[in-house]
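The values are calculated or read from the model by the stated rules, or taken from the named source; none is laboratory data. Not measured: the values here are computed from a predicted model. Virtual Cβ from ideal backbone geometry, glycine too; neighbours counted across all protein chains shown. The area values use the complete protein model at the heavy-atom level, side chains included, leaving out ligands, DNA and RNA. Shrake-Rupley method; radii C 1.70, N 1.55, O 1.52, S 1.80 Å.
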Amino acid sequence: MKKAILLAALALGVCSAQAQTTVAGSKFSDNWSFTLKGGGVFATKTVGGESFLKTGRGIVGAEIRKQITPVFGIGVEGEWSVNTSSWTGLKSGNVFDHQYVGAFGAVNLMNAFAGYAGAPRVFEIEAVAGSGWLHAYYPHSGVPSYDANSFATKVGLNFNFNLGEAKAWTISLKPALLWNMNGDVSSDKYVSYLGYDSHYNFNNMYFELEAGITYHFKNSNGTHSFVVVTPFDQAEVDALNAQINALRGELESCGANNAALQAKLADLQAQLDACNRRPPVVEKVIKDLDNVRYVFFNLGSATIQANQQPNIAMTANSLKENSNATVKVDGYASKDGSLAFNERLAGRRAEAVKKALVKAGVAESRIKAEGKGIGSLFENNTWNRVATMTVVD
């Protein structure tokens with residue numbers, strides 16, 4: 001008995017240590033199970049008055065259990081022995097001549113000593129201890145009824161085989177020892193046959209060997225068992241909080257920058273809207289071959305090609321014939337390229353034509369040259385790579 005107490009104390013200590021593991025699925029409604037069991041029960045010769053094997057009879061029972069932690073569980077059970085043999089020399093008239101109803105605690109030795117990995121193992125061993133009410137039914141013809149109630153204790157092991165991926169079902173082999181704890185309550189020979197002497201030894205016990213099948217009800221965590229939750233590290237949490245605060249600071253800075261960019265965008269949009277609201281400046285160009293000549297250029301170039309020289313010569317001759325006339329040179333560019341580049345290119349084209357006219361004998365004072373930027377004189381975009389020479393009388 002002392003050894004059993006020491007073993008129980010050690011198991012509870014280990015259970016307390018294992019309880020530090022954080023698990024999900026620990027509500028009151030979680031980790032309930034129901035077991036049906038059956039097998040045989042045997043009485044020692046001192047208890048039954050006959051040989052060990054001859055006292056064997058069937059036993060059936062059921063258990064309801066609540067698993068508190070992966071290590072420790074509690075439950076209630078009921079067992080009934082089938083009246084197929086005699087333990088006392090008296091024969092009961094009932095189908096079930098003994099019953100035991102009690103509470104128990106169970107320690108999962110695998111989880112206690114090897115830890116719980118987050119799911120039940122395929123094979124596990126439990127140590128079980130409990131106590132309860134033992135009742136014997138002995139109505140007998142010609143003999144007074146000797147029904148008896150007594151306090152009993154029970155210890156045993158469960159060899160569990162957990163089935164399937166979800167481990168919802170368990171098949172168990174359940175050997176156990178049960179002792180009647182009341183002592184000799186009467187000197188009557190029939191009562192003394194019942195073996196009421198309370199001794200923790202082999203000659204004053206019942207041996208049970210049962211098999212059971214258990215169903216584990218589904219938990220709030222979606223499984224049929226506990227799920228391990230990794231405990232947090234305060235230092236790690238503090239570091240993550242620091243990172244979050246830094247990111248919040250960056251976010252605020254980005255918000256300020258975004259506000260400035262939004263303001264700039266709104267300003268540019270306002271300028272664009274104002275520009276779009278301006279009436280278009282339409283320059284009236286007299287397309288009279290006697291007054292206007294064209295000089296066309298290659299893409300991105302301000303160089304006057306040889307095939308354009310006749311137009312310059314015709315304009316120079318017109319000015320020589322009319323000494324009072326002046327010429328206006330306007331340079332244009334197509335839409336290809338950036339606005340700034342095309343504005344410069346249009347000015348260079350106007351200056352190139354002006355220099356060609358001066359070279360042809362036209363006084364520089366009679367020439368006004370100006371770049372007009374991107375042109376829209378012609379629908380064909382490539383034709384807008386041009387400079388116009390307009391003779392004004």
Most to least accessible of 230, 388, 303 (protein chains only, probe 1.4 Å): 230, 303, 388
With every protein chain present, what accessible area does residue 238 have (1.4 Å probe, heavy atoms only), rounded to the nearest 10 Å²? 80 Å²
Fully extended, how many nm does the chain gain between residue 103 and residue 60 (0.36 nm per residue separation, minus their Cα-Cα distance)? 13.8 nm
Using all alpha carbons of segment 290-393, what is the percent of pairwise distances in each 5 Å bin, ordered from the shortest bin to the longest? 2, 15, 27, 25, 16, 10, 4, 1, 0
So how much accessible area does residue 200 have, in Å² to the nearest 10, using a 1.4 Å probe? 100 Å²
Stretched out fully, how many nm does the piece from residue 213 to residue 68 gain, at 0.36 nm a residue minus the Cα gap? 50.2 nm
Pairs from 264/372; 320/355; 27/66; 37/174; 328/354 whose Cα-Cα separation, in the structure shown, is over 19 Å: 264/372
SASA check, residue 326, accessible area w/ 1.4 Å probe, all protein chains in place, rounded to nearest 10 Å², comes out at 60 Å²
Subtracting the Cα-Cα distance of residue 340 and residue 381 from 0.36 nm times their residue separation yields 13.0 nm
By accessible area with a 1.4 Å probe, ligands and nucleic acids excluded, highest first: order of 319, 157: 157, 319
Using 7 Å Cα-to-Cβ label points, what is the residue 95/residue 182 separation (nm, one decimal)? 2.5 nm
Using only the heavy atoms of the protein chains and a 1.4 Å probe, how would 240, 178, 261 rank by accessible area, largest first? 261, 240, 178
